[in-house]
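What follows is a single structure, written as structure tokens, with notes after it.
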């Protein structure tokens with residue numbers, strides 16, 4: 001199954017301009033990258049042909065280069081995964097809340113009762129690896145993943161520590177957890193609402209540097225679909241000038257039955273009232289539980305087409321050593337399926353990364369035009 005999937009993905013990648021070039025078969029064992037950075041520069045004159053070129057996104061803005069515990073896939077190997085999958089731009093997340101290093105557990109869900117521990121160590125590892133092994137043909141954006149939002153007094157000093165050790169390296173913050181119910185069995189609780197007002201110091205640093213913060217904030221669960229909505233609303237109200245990304249659009253494995261119309265209404269209101277807010281549609285839970293259902297998908301596609309400048313893509317891949325290229329390739333494909341249904345304008349903004357380039361002010365890059 002995985003080999004067939006990888007073949008489908010890779011054989012769909014070709015180089016084409018406005019004049020369509022016949023489809024090429026790419027050998028997955030070689031690891032060629034048929035989409036390259038030059039296609040996304042302002043000097044590029046080729047258009048993107050949706051009929052012959054892949055529907056998979058070019059930006060993985062949500063990728064965890066470190067696992068919760070245990071061995072990680074080496075960064076140079078991950079870079080090869082990206083090249084083989086046609087991914088050109090990647091956000092380098094760590095894991096801010098890790099399992100104890102002496103624990104035999106690699107994944108928090110397998111070990112309820114084992115407390116996760118906030119840590120900055122993964123950010124140091126990612127920065128060191130990116131400096132020592134700069135990737136060829138891939139643009140990496142390093143993210144600070146360490147913050148414990150319930151202890152805001154510790155965040156600015158740790159930003160300053162990273163500044164001293166790796167000046168100018170970090171251009172993003174996240175994924176940070178405002179409320180992540182999946183971690184409740186591991187000693188984590190929702191961030192108290194009254195703590196949000198204490199974020200001012202570190203949020204001022206992010207605002208001054210125009211650094212986005214990607215926040216995991218569950219809307220709620222199947223019993224109470226909007227139980228935690230007030231937390232994100234409080235963040236948006238208090239920090240309107242910060243660039244904020246609401247990851248997974250607030251959805252999770254704990255919330256799989258909310259009425260899509262109700263969910264979209266909440267997202268639309270949040271976007272309308274907060275011009276600096278973006279929605280992250282990473283994680284296959286969105287496809288498996290919502291987008292794969294035709295009636296639901298139509299509602300989301302209409303929403304994405306209407307708000308096409310406010311959506312970011314990603315896999316939410318966690319680079320544990322037990323995974324390999326075929327696992328990553330599947331995550332790219334599944335998380336990209338919604339792109340097939342977008343109109344051309346939304347496809348350019350979302351799948352071809354125009355939103356990402358604009359959001360973090362990447363002046364060198366832009367999405368190509370869609371071939372007519």
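The values are calculated or read from the model by the stated rules, or taken from the named source; none is laboratory data. Just so we're clear, the structure is a prediction, and the values are computed from it rather than from any experiment. Please note: Cβ atoms are built from the backbone with ideal geometry, for glycine as well, and neighbour counts cover all protein chains shown.
Taking helices (runs of 4 or more DSSP H) as the structural unit, those lying wholly within the stretch 322-372 and holding at least 3 residues that are farther than 22 Å from residue 141 by Cβ and touching a strand residue (DSSP E or B) at 6+ places or on another chain (Cβ under 9 Å) correspond to 344-350. Screening 268, 297 for residues that are farther than 23 Å from residue 143 by Cα and free of Cβ contacts under 8 Å to residues at least 40 places away in the same chain leaves exactly one candidate, 268. Out of the residues in the stretch 241-270 that are within 25 Å of residue 93 (Cβ to Cβ) and out of contact with any helix residue (DSSP H, G or I) (no Cβ under 8 Å at 6 or more places or on another chain), which is surrounded by the most Cβ atoms within 10 Å (Cβ to Cβ)? In this case the residue turns out to be 247. For the stretch 167-197, the set of residues classified as under 21 Å from residue 360 (Cβ atoms), touching a strand residue (DSSP E or B) at 6+ places or on another chain (Cβ under 8 Å) and not in a strand (DSSP E or B) consists of 169 only.
Picking from residues in the stretch 82-99 that are closer than 16 Å to residue 321 by Cα and over 16 Å from the mean Cα position of the chain (by Cα), the one that is surrounded by the fewest Cβ atoms within 10 Å (Cβ to Cβ) is 98.
Just so you know, in the stretch 234-256 the residues that are within 21 Å of the chain's Cα centre (by Cα) and in a helix (DSSP H, G or I) include one that is nearest to residue 144 (Cα to Cα), and it is 247. Restricting attention to the stretch 74-102, the residues that are farther than 20 Å from residue 123 by Cα and part of a loop (DSSP other than H, G, I, E, B) add up to 3. Got at least one residue in the stretch 279-290 being in contact with a helix residue (DSSP H, G or I) (Cβ under 6 Å, 6 or more places away or on another chain), without any contact (Cβ under 8 Å) to a residue 40 or more places away in the chain, crowded, with 18+ Cβ neighbours inside 10 Å and part of a helix (DSSP H, G or I)? Within the stretch 279-290, one or more residues are in contact with a helix residue (DSSP H, G or I) (Cβ under 6 Å, 6 or more places away or on another chain), without any contact (Cβ under 8 Å) to a residue 40 or more places away in the chain, crowded, with 18+ Cβ neighbours inside 10 Å and part of a helix (DSSP H, G or I).
Looking at 279, 271, just one residue is within 22 Å of residue 63 (Cα to Cα) and touching a strand residue (DSSP E or B) at 6+ places or on another chain (Cβ under 8 Å), and that residue is 279. For residue 307, state whether it is crowded, with 22+ Cβ neighbours inside 10 Å and modelled with pLDDT of 95 or more. When the stated conditions are applied, residue 307 does not pass them.
Residue count for the stretch 119-148 satisfying the condition of being under 23 Å from residue 365 (Cβ atoms) and surrounded by fewer than 15 Cβ atoms within 10 Å (Cβ to Cβ): 5.
Looking at the stretch 204-233, which of its residues are free of Cβ contacts under 8 Å to residues at least 24 places away in the same chain and outside any helix (DSSP H, G or I)? Once the filter is applied, which keeps residues that are free of Cβ contacts under 8 Å to residues at least 24 places away in the same chain and outside any helix (DSSP H, G or I), the stretch 204-233 yields 223, 224, 227.
Within this structure, residue 4 fails the test of being modelled with pLDDT under 50, in a loop (DSSP other than H, G, I, E, B), more than 27 Å from residue 132 (Cβ to Cβ) and over 18 Å from the mean Cα position of the chain (by Cα). When the stretch 178-194 is filtered for residues that are in contact with a helix residue (DSSP H, G or I) (Cβ under 7 Å, 6 or more places away or on another chain) and buried (at least 16 other Cβ atoms within 10 Å of the Cβ), the ones remaining, listed by number, are 178, 179, 183, 186, 190, 191. The set of residues in the stretch 257-280 that are farther than 23 Å from residue 224 by Cα and under 18 Å from the mean Cα position of the chain (by Cα) comprises 276, 277, 278.
Taking each residue of the stretch 107-131 that is on the phi > 0 side of the Ramachandran plot and modelled with pLDDT of 85 or more and looking for partners that are in a helix (DSSP H, G or I) and surrounded by fewer than 19 Cβ atoms within 10 Å (Cβ to Cβ) with beta-carbon atoms closer than 8 Å, six or more apart or interchain, yields 113/185.
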